[in-house]
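Rule-based calculations on the coordinates, nothing more; no lab input. Quick caveat, the model's predicted, so the values are computed rather than measured. Cβ atoms come from the backbone with ideal geometry, glycine included; neighbour counts cover every protein chain shown.
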Amino acid sequence: MKSFLAFFRLIRLPNLLIIALTQYAVRFGLMFPLLSGSGFQLAMSEANFFLLVLATVMVAAGGYIINDYFDTKIDRVNKPKRVIVGKLIKRRVAMGAHIVISVLAIAISIYIAWYINYLWLSLIQIGSVMALWYYSINFKRRILVGNIIIALLTALVPISAGLYEFIELKNHLLEELQSFIELNTAENQIYASIFFKDVLSNIGLWIGGYALFAFLLTMVREIIKDIEDYDGDQEQGCKTLPIVAGITTANNTTIAISILTFLLLVFVQYTQLMSSEIISFLYFSVFLQLPLFMLIVKLLIAKKKNEYAWASRLTKLIMLFGILYTSVIYFQEFYLNV
């Protein structure tokens, strides 16, 4: 039982649930209401989307395992009470679990990509597995490289959910739209224009915004974690930003990225006010801007390890609030636009 619970700690079960929530939020909180509001429906089957989410979660789980496998020595310095690999779970068991989980994730992704006739899509999961492996053994020890890779992979979570659905929509509707275009009637031309220009571009803009939001906040959190792990990383010869440029420079970088995120959200709020989207404006103000402001203040005064740990948890909470904003989109599309 102890090893069983340790395994869930090893794969970061709460983080995996957030990843699954993100992809389902993109599907049902973002794409579904925006498509339905324009007379379209989701095309990807529930079973295939579940498999896509499962593959994404398994890639992340494998990444967490292999990261802890190679970070045992660092973790014994930075967080000795939280070491799992080699203490609660044997190293060979951890490596075996990583291989099995990652291979299954790739197999599932290949099946989904084959099913929708776009086999190249499986390169997303294959590339992610490879990136997480090299991150664990090399990239995370190099200045900013590891941070950027993890931020990009995080941004890929909402993008992949939207990309697969876009392609399934294209597969289901291309023939119909093509026949409409060939008829060359004004009504059918408008139908095609709505789908390709208005609906998909609007959804793509939202997904791109979510991806950018995830990228920026993940960069902040990863650098904060590097500051927390300074002692162990330095002992093992890592070249993270705090070690190479100093903790002050690393901290100032997180503040700069946080301010940039804050200003980008101000721009979104401006468009919300111009569109009289008061509920969205209030949500951004209370659940995104206020916590971001608190994060910036905390980073300005942070000196101790536990203060950076608090800032890291707050960053994750802000990301969760960002995901939950899809419930506001759903509410506005189905209850305020009727």
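The per residue volume of the convex hull around the alpha-carbon atoms of the chain is 142 Å³. Placing a pseudo-label 7 Å from each Cα along the Cα-to-Cβ vector at VAL100 and PHE8 gives an inter-label distance of 1.8 nm.
A cut-off under 10 angstrom between Cβ atoms defines the neighbours of ILE18, and their net charge, with Lys, Arg +1 and Asp, Glu -1, is +2.
One decimal place: the segment TYR115-ILE259 gains 47.5 nm when fully extended, by the rule 0.36 nm per residue minus the C-alpha distance. Here the contact order of segment 2-336, divided by its residue count and restricted to Cα pairs under 8 Å and six or more residues apart, works out to 22 percent.
Helices that extend 15 Å or more along their long axis by alpha-carbon positions and average at least 0.5 on the Kyte-Doolittle scale are, among the DSSP H runs of the chain, 13-24, 46-70, 91-115, 122-137, 145-183, 200-228, 247-274, 290-301, 305-331. For segment 286-338, the set of trypsin sites (Lys or Arg not before Pro) satisfying both a DSSP loop assignment and a count of at most 11 other C-beta atoms within 10 Å is given as LYS303, LYS304.
At 222 nm, what helix-only mean residue ellipticity would the chain give, in deg cm²/dmol to the nearest 500, using -39500 (n - 2.57) for each DSSP H run of four or more?
-25500 deg cm²/dmol
Building the convex hull from the alpha-carbon atoms of segment 1-121 and averaging its projection over directions returns 9.1 nm².
Net length available on complete extension from HIS172 to VAL266 is 30.1 nm, with 0.36 nm assigned per residue and the Cα-Cα distance removed. Dividing the convex hull volume of the alpha-carbon atoms in segment 216-265 by its residue count gives 56 Å³ per residue. Taking 19 Å as the straight-line reach from the Cα of LYS303, the lysines in range (excluding those fewer than 8 positions away in the same chain) are LYS79, LYS225. Annotation: the residues GLU277, GLU222, sorted from fewest to most other C-beta atoms within 10 Å of their own C-beta, follow the order GLU277, GLU222. Taking other C-beta atoms within 10 Å as the exposure proxy, LYS87, LYS140 rank LYS87, LYS140 from fewest upward.
Straight-line reach from LYS170: which lysines have a Cα under 28 Å away, not including same-chain ones fewer than 8 places off? Excluding near neighbours in sequence, the set is LYS197. Distance between the modelled labels on MET294 and LEU273, one decimal in nanometres: 2.4 nm (7 Å Cα→Cβ projection). Fewest Cβ neighbours within 10 Å first, please rank ARG12, ARG82, ARG221 accordingly. Result, fewest neighbours first: ARG82, ARG12, ARG221.
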